[in-house]
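Peer 1: Supplied in structure tokens, the structure appears directly below.
The values are calculated or read from the model by the stated rules, or taken from the named source; none is laboratory data. All values reported here derive from a predicted model rather than from experimental measurement. Backbone-built Cβ (ideal geometry, glycine too); neighbour counts: all protein chains shown. Note: areas computed on protein heavy atoms with side chains; ligands, DNA, RNA excluded. Shrake-Rupley method; radii C 1.70, N 1.55, O 1.52, S 1.80 Å.
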Protein chains: 2
Amino acid sequence: MRGLMQDRPLDVAAVMRRVEQFGHKKIVTATAAGEVTATWREVVSRARLLAAALGDLGVPHQARVGAFGWNSQRYVELYLAVPSSGRVLHTLNHRLFADEITHIVNDAADDVLFVDRSLLPRVWPLVDGFGSVRRIVVMDDGATGEIPADPRIVDYEELLAGVGEPARPVTPDENEAACLCYTSGTTGNPKGVLYSHRSIVLHALLLLGADAFAISERDVVMPIVPMFHVNAWGLPYAAMLAGSDLVLPGPAMSPEALLERMARHRVTFSAGVPAIWRGIQPLLGEADVSSLRMVVSGGSALPDALSRAWQEATGIPLTSSWGMTETSPLVACGRLSSVHDDLDPDARRVKLGLPGPSLPLTELRIVDDDGNPVAHDGETPGELQVSGPTIASGYFGGDPGTDKFTEDGWLRTGDVATIDEYGYLRIVDRTKDLVKSGGEWISSVALENEIMAHPDVAEAAVIGVVDDKWGERPLACVVPVAGRTVDDQGIRRHLEGRVASWWIPERFWITDEIPKTATGKFSKVALRKLAAAQGMSAP
Amino acid sequence: MRGLMQDRPLDVAAVMRRVEQFGHKKIVTATAAGEVTATWREVVSRARLLAAALGDLGVPHQARVGAFGWNSQRYVELYLAVPSSGRVLHTLNHRLFADEITHIVNDAADDVLFVDRSLLPRVWPLVDGFGSVRRIVVMDDGATGEIPADPRIVDYEELLAGVGEPARPVTPDENEAACLCYTSGTTGNPKGVLYSHRSIVLHALLLLGADAFAISERDVVMPIVPMFHVNAWGLPYAAMLAGSDLVLPGPAMSPEALLERMARHRVTFSAGVPAIWRGIQPLLGEADVSSLRMVVSGGSALPDALSRAWQEATGIPLTSSWGMTETSPLVACGRLSSVHDDLDPDARRVKLGLPGPSLPLTELRIVDDDGNPVAHDGETPGELQVSGPTIASGYFGGDPGTDKFTEDGWLRTGDVATIDEYGYLRIVDRTKDLVKSGGEWISSVALENEIMAHPDVAEAAVIGVVDDKWGERPLACVVPVAGRTVDDQGIRRHLEGRVASWWIPERFWITDEIPKTATGKFSKVALRKLAAAQGMSAP
């Protein structure tokens, strides 16, 4: 017997109707030509034209519309127009290597591409390798490079200007595909995660929750995490449901530009990877960011030293979060529960610096090597597995990645984690990044954090290398703070008492830079190659 | 093309798994025998036994399980066990008239009934008129009345004690029925609203939103609104998703008992009808309720004078809300948007005292008599219609009420409202409660509020009565504050300048009590009968 409730899909068209209610609220975009401000009313109106333009371009139902862009108003228009008209928005990372980009565009069989003018020099040389792409729409962001004279190219604004009637949104089954984002491929081939309308809307609703990001109408949200990266962690859609203002940094990603914009627009909420917060932190005294209520760090572990520096400068520590492309992405974020009322400010910051309990609708379990659940005692590690309506069930495209899912349909994250009695998640390490020394596990993440707590260390990455006696030993790659020096001895002394003595590495590389992936994470793959070149092979 | 996301239903079983994560949090119930405290872990464990017991009782899949009870832990167990085991929880209002109760139980064809021992004297005399009811489970709340010796009666705790194995939850289609609640029947026959698992879970998620009730793990939630009344406005399910503590007043509904409990358990969030807040207000100086962060008033219009008295006594004004049995119920609640930053405290309180913009996923429109949309200018009234996945599409049982829905499936609320440019809803009146005088509408709600702003007036209700000259004129029924007196002249002087002069009634009834419906609202039906008995007929 069905309940007698209205059959209304959770879809992007409903999100678009929602944000019209906040038509007076604003989206600010930084462009090479200066800041552009629009109201949500204008953005929705343009999105309806864009939806019609996709019809004019002959983009079929459910075809993939690729996008290369910085965070901008036009990207928001794509977020609205593409899914609400029944197509699939494929967000693309222009920082990937050329052959990765080509592989992904072809694997997704993108029908048309939208490209920021400033990114055209990156994308255009690859276009002839994109088998399925018929047209390229250039979004002129004030960059001055030449636009090739090619019949496939059309200007975004000219496209919109040519539309007769705005499109009526399509009402899909809410389980239809809405957006596509490939994993960063640190653990194999990039694989396509295909979000449904339902998962997009549910995830955005979850971000409004008081114990999640608590996004509200009063917020001025500045997503520094790219809109091509898991939908900027869902923030644009959450801002639409809430009616928040959005501030979008465009290509102006220098710490100085980000901080200045944050201060000028009285930003209340921002989110990005630790490297962003590390870059801004030394400048915090130079701007008034007292409007900030929550600053979320995600994508990799948050070093407590960085959060402490933010707390000292702004009064608020950073808030950790955890998720993956496969999880929409937010699964858990740092928060203080009623059991933490007696903690002092330092302990509260440390608590916020770890992911908290999972969001509603999202379930976690940790299992041993045989797949049996292990205790939620905050100490016993196991592989983290995730279930819920915002979690992937498989992959789109050539690589089905079936080994990433359990028989009962849970996602195997590849992360090793503990969960405590209050449901607090703590990521110990990526499964393959644990260092097994003398039969015992060393957490490379924990060791990196302790090394980065050294006042003269800017960055540290740890990998395991083969060792005759212990099987494997940690090797630490360390970047000093600019203008400072560090040596092996000093770091070893610093680590004594902070970690078990047998965790302390024998070998350090003091270097100027740690190789990073296209998404800004430490590339352990590249580090292992460098180590191998010096005769230290990974196990 | 379907998105590749996990197929996980939004169902009560998922809510039950969710609250297990907060197993250490508490539910406190006031009973005649004193307070009972349990953890969520215990409640879920008992709910799993209860689910099995329903099987032992032979309750079929999707059969209705009726419940007569005060807000209590056992009622929470019913909220979990009944829907998660595939049955439908039918919440029943013991304050209805006997023939209404009998009609509703029979219309729903309840298979078994759960009844608080203290309510047995009310329910038992009616049982032989309940055609479908096979068994009566008595929930012993410490009341001392005799329990009839009847083979149909079984004790709740004995039932649980007799269970061998806890039940495994059923995984339903999320659109299956979960709960049933009849309308209060102020506008005709009571009609059954049949909530689905999906609507229950979505509504609970919406209550967690920062701009809705912002229910969080840190909250101590005290629903004073009955659990038989639209699922206590969804608060128990929201508390389960958030992991809040619950404080349940049981039958101890006196203002003194409510206030004492609120203070003792450091309640942070409470919700009830204006009559509850009016009862507690004079006592506010006698207890420390500084823990309160939000006090929600709903069910009828919130008089500003009452909210001001709360603001003066506690520092926080009351927050208005609007909804109906058909809307799960929350559609909108008072809140301050960024456009209200410059308002002074009085103006902010007035704003919070009106429903705000609709919740996400919930859409409003106002239409004229021909069904055409009217402007959202905050002035033009129209009939309020509502759409969304938490809004009814029809009724269960004998009365289909098809005239309550538009051709495109929106709910016709029967309320007349305005909506302003920021989406703020303002209820002008029930369609049938408007007074049409000389061709112009007088809002009985607005007039009541202005009369109740008089310091010596406790309650006021306005109806229209036939008038030879004007067609219709308002008649005001007024209850003075205890120990005070008011007269027609004084109220007329008070109204001058507050409302248009032609709104001011010629006739007042000064009385000790205004007749109320079973749900505590002014019964305009009963008032009209009283007026007719005195020769003043309703139009």
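Peer 1: Quick one: with label points 7 Å out along Cα→Cβ, list the inter-copy distances for residue B:34 in nm, shortest first?
Peer 2: In nanometres, ordered from closest: 7.5.
Peer 1: Which net charge results when you count Lys and Arg as +1 and Asp and Glu as -1 among the other residues whose beta-carbon is under 13 Å from that of residue B:282?
Peer 2: Working: positive: B:278, B:484; negative: B:256, B:286, B:312.
Summing Lys and Arg as +1 and Asp and Glu as -1 gives -1.
Peer 1: Follow-up. Distances from residue A:313 to the same residue in each other copy, label points 7 Å out along Cα→Cβ, in nm, shortest first?
Peer 2: Taking the point 7 Å beyond Cα along Cα→Cβ, the inter-copy spacings are 4.8 nm.
Peer 1: Now a separate question. Between Rg and the Kirkwood Rh of segment B:362-431, both from Cα atoms, what is the Rg to Rh ratio? Each step should come with its number before you reach the end.
Peer 2: On the way: Rg = 12.4 Å, Rh = 12.5 Å.
Checking Rg against Rh, the ratio lands at 0.99.
Peer 1: Carbon-plus-sulfur fraction of the accessible area of segment A:1-129, 1.4 Å probe, in percent? Write down the numbers at each step before the final one.
Peer 2: Numbers: 2130 of 4000 Å².
Roughly 53 percent of what the probe reaches on segment A:1-129 is carbon or sulfur.
Peer 1: Which whole-Hz couplings ³J(HN,Hα) result when phi for each residue of segment A:25-33 is put into the Karplus expression 6.51 cos²θ - 1.76 cosθ + 1.60, θ = phi - 60°, listed in order with x for Gly and Pro?
Peer 2: For segment A:25-33, the Karplus-derived couplings read 6, 10, 10, 10, 10, 7, 10, 4, 8 Hz, x marking Gly and Pro.
Peer 1: Report in % the part of the accessible area of segment A:359-430 that belongs to carbon and sulfur, leaving out ligands and nucleic acids; probe 1.4 Å.
Peer 2: Details: 1330 of 3040 Å².
The C+S portion of the solvent-accessible surface of segment A:359-430 is 44 percent.
Peer 1: Strictly greater than 27 Å: what percent of every Cα pair in segment B:12-253 meets that?
Peer 2: Working: 8293 of 29161 pairs.
Value for segment B:12-253: 28 percent of Cα pairs lie more than 27 Å apart.
Peer 1: Per residue of B:6-14, what is the mean number of Cβ atoms on other protein chains within 10 angstrom of that residue's Cβ?
Peer 2: On the way: counts 15, 6, 12, 1, 5, 0, 0, 0, 7.
That average works out to 5.
Peer 1: Given a Förster distance of 41 angstrom, what is the FRET efficiency for residue A:264 paired with residue B:367, based on the Cβ-Cβ distance and rounded to 0.05? Before the final figure, lay out each step's value.
Peer 2: Details: r = 43 Å, r/R0 = 1.05.
Taking R0 as 41 Å, the efficiency between residue A:264 and residue B:367 is 0.45.
Peer 1: Over all directions, the average projected area of the alpha-carbon convex hull for chain A comes to how many nm²? Walk me through the numbers before you get to the answer.
Peer 2: Details: hull surface 106.4 nm².
Over all viewing directions, chain A projects a mean Cα-hull area of 26.6 nm².
Peer 1: Take every residue in peptide B:211-221, count the Cβ atoms of other chains within 10 Å of its Cβ, and give the average of those counts. Display every interim value, and only then the final one.
Peer 2: Values: counts 12, 4, 1, 6, 3, 8, 11, 8, 3, 1, 0.
The per-residue average across the peptide is 5.
Peer 1: Using Cα positions and a limit of under 15 Å, work out the aspartates and glutamates in reach of residue B:469, with same-chain residues fewer than 8 apart set aside.
Peer 2: Straight-distance partners of residue B:469: B:440, B:506.
Peer 1: Based on the mean of other Cβ atoms within 10 Å per residue, sort peptides B:207-216, B:455-464 so the most packed one is first. Please report the intermediate quantities before stating the final value.
Peer 2: Details: B:207-216: 25.2, B:455-464: 21.4.
Put in order of decreasing packing, that is B:207-216, B:455-464.
Peer 1: Where nothing but the Cβ of Lys and Arg (+1) and of Asp and Glu (-1) is charged, how large is the charge dipole of the protein assembly as shown around its Cα centre, in debye to the nearest 20? The partial results should precede the final answer.
Peer 2: Numbers: 102 positive and 140 negative charges, 22 e Å.
Once rounded to the nearest 20, the dipole reads 100 debye.
Peer 1: Let me know the shape class of segment B:339-466, please: from the alpha-carbon gyration tensor, a ≥ b ≥ c as square roots of the eigenvalues, rounded when a/c is under 1.5, otherwise prolate if a/b is greater than b/c, or oblate.
Peer 2: Details: a/c = 1.80, a/b = 1.26, b/c = 1.43.
Taking the square roots of the gyration eigenvalues as a ≥ b ≥ c, segment B:339-466 is oblate.
Peer 1: Oh, and also: Calculate one ³J(HN,Hα) per residue across segment A:394-409 by plugging θ = phi - 60° into the Karplus curve 6.51 cos²θ - 1.76 cosθ + 1.60, and present them in order as whole Hz with x for glycine and proline.
Peer 2: 3J(HN,Hα) across segment A:394-409, in whole Hz: x, 10, 8, x, x, 9, x, x, 4, 6, 7, 10, 7, 4, 8, x.
Peer 1: Would you mind putting B:144-151, A:134-141 in packing order, based on average other-beta-carbon counts within 10 Å, highest first? Walk me through the numbers on the way to the answer.
Peer 2: Details: B:144-151: 9.5, A:134-141: 21.2.
My ranking of the peptides, most packed first, is A:134-141, B:144-151.
Peer 1: How much of the accessible area of segment B:434-533, in percent, comes from carbon and sulfur atoms when a 1.4 Å probe is used? Don't skip to the answer; put the middle values down first.
Peer 2: Working: 2390 of 4800 Å².
About 50 percent, which is the carbon plus sulfur part of the accessible surface.
Peer 1: Turning to a different aspect of this structure: Ignoring ligands, DNA and RNA, how much accessible area is buried between chains A and B, both sides summed, with a 1.4 Å probe, to the nearest 100 Å²? Could the numbers behind the result be given before it?
Peer 2: Numbers: alone 22530 and 22520 Å², together 39510 Å².
Summed over both sides, the interface buries about 5500 Å².
Peer 1: Could you tell me how far the Cα centroid of segment B:200-214 sits from the Cα centroid of segment A:321-391, in Å?
Peer 2: Computed from Cα coordinates, the inter-centre distance equals 22 Å.
Peer 1: Taking the full set of protein chains and a 1.4 angstrom probe, give the accessible area of residue B:218 in square angstrom, rounded to the nearest 10.
Peer 2: It works out to around 100 Å².
Peer 1: Taking +1 at the Cβ of each Lys and Arg and -1 at the Cβ of each Asp and Glu, which of A:395, A:418, A:385 sits farthest along the dipole of segment A:337-464 towards its positive end, judged by Cα position relative to the Cα centre?
Peer 2: A:395
Peer 1: Identify all lysines with a Cα-Cα distance to residue B:191 below 20 Å; exclude those on the same chain that are fewer than 8 residues away in sequence.
Peer 2: Candidates past the 8-residue exclusion: B:404, B:432, B:516, B:521, B:524.
Peer 1: Sticking with this one: If you wrap segment B:56-180's Cα atoms in a convex hull and average its projection over all directions, what's the area in nm²? The partial results should precede the final answer.
Peer 2: On the way: hull surface 30.9 nm².
Averaged projected hull area, Cα only: 7.7 nm².
Peer 1: Do the sum for chain B: with -39,500 (n - 2.57) for every DSSP H run of n ≥ 4, divided by all residues, what is the mean residue ellipticity at 222 nm, to the nearest 500 deg cm²/dmol? Display every interim value, and only then the final one.
Peer 2: On the way: 16 runs with 145 residues, N = 539.
Helix-only estimate at 222 nm: -7500 deg cm²/dmol.
Peer 1: Specify whether the C-alpha gyration tensor of the protein assembly as shown places it in the rounded, prolate or oblate class, a ≥ b ≥ c being the square roots of the eigenvalues: rounded for a/c under 1.5, otherwise prolate if a/b is larger than b/c and oblate if not.
Peer 2: Numbers: a/c = 1.93, a/b = 1.54, b/c = 1.25.
Judged from the Cα gyration tensor, the protein assembly as shown comes out prolate (a/c at least 1.5, a/b above b/c).
Peer 1: Averaged across the residues of A:397-404, what count of C-beta atoms belonging to other chains lies within 10 Å of each residue's C-beta? Please list the in-between numbers first.
Peer 2: Details: counts 0, 0, 0, 1, 0, 0, 0, 0.
If you average over the peptide's residues, the count of other-chain Cβ atoms is 0.
Peer 1: Can you send over the solvent-accessible area of residue B:521, 1.4 Å probe, protein chains only, in Å² to the nearest 10?
Peer 2: 70
Peer 1: Assuming R0 = 56 Å, what is the FRET efficiency of residue A:257 and residue B:144, from their Cβ-Cβ distance, to the nearest 0.05? Intermediate values should be presented prior to the final figure.
Peer 2: Numbers: r = 74 Å, r/R0 = 1.32.
My answer for the efficiency is 0.15.
Peer 1: Solvent-accessible area per residue for chain A at a 1.4 Å probe radius, Å²?
Peer 2: On the way: 19760 Å² over 539 residues.
Per residue, chain A has an accessible area of 37 Å².
Peer 1: Give the long-range amide H neighbours of residue B:415: residues separated by 5 or more places, or on another chain, with amide H under 5 Å away, using H modelled in the peptide plane at 1.01 Å from N.
Peer 2: Under 5 Å from the amide H of residue B:415 lie the amide H atoms of B:384, B:431, each far enough along the sequence or on another chain.
Peer 1: Rounded to the nearest 5, what % of the DSSP beta bridges within the protein assembly as shown are antiparallel ones? Can you show the working numbers first?
Peer 2: Numbers: 97 of 175 bridges.
Beta bridges within the protein assembly as shown, antiparallel portion: roughly 55 percent.
Peer 1: Further question: Taking a label point 7 Å from the Cα of residue B:168 along the Cα→Cβ vector, which residues of segment B:1-42 have an amide N closer than 17 Å to it?
Peer 2: Of the residues in segment B:1-42, B:9, B:13-14, B:17 have backbone N under 17 Å from the label point off residue B:168.
Peer 1: If the label point is 7 Å along Cα→Cβ of residue B:350, which residues in segment B:454-472 have backbone nitrogen under 16 Å from it?
Peer 2: B:454
Peer 1: Which lysines have a Cα lying under 30 Å from the Cα of residue B:26, excluding residues fewer than 8 positions away in the same chain?
Peer 2: A:351
Peer 1: Right, another one. Assume the label is 7 Å from Cα along Cα to beta carbon: what separations in nm does residue A:469 have to the matching positions in the other copies?
Peer 2: Label-point distances to the other copies, shortest first: 10.9 nm.
Peer 1: Between residue B:37 and residue A:2, what FRET efficiency follows from the Cβ-Cβ distance if R0 is 41 Å, with the result rounded to 0.05?
Peer 2: Once the sixth-power term is evaluated, E becomes 0.60.
Peer 1: If you take every DSSP beta bridge fully contained in segment B:466-539, what fraction is antiparallel? Give it as a percent rounded to 5.
Peer 2: Details: 3 of 8 bridges.
Counting only bridges with both partners in segment B:466-539, antiparallel ones make up about 40 percent.
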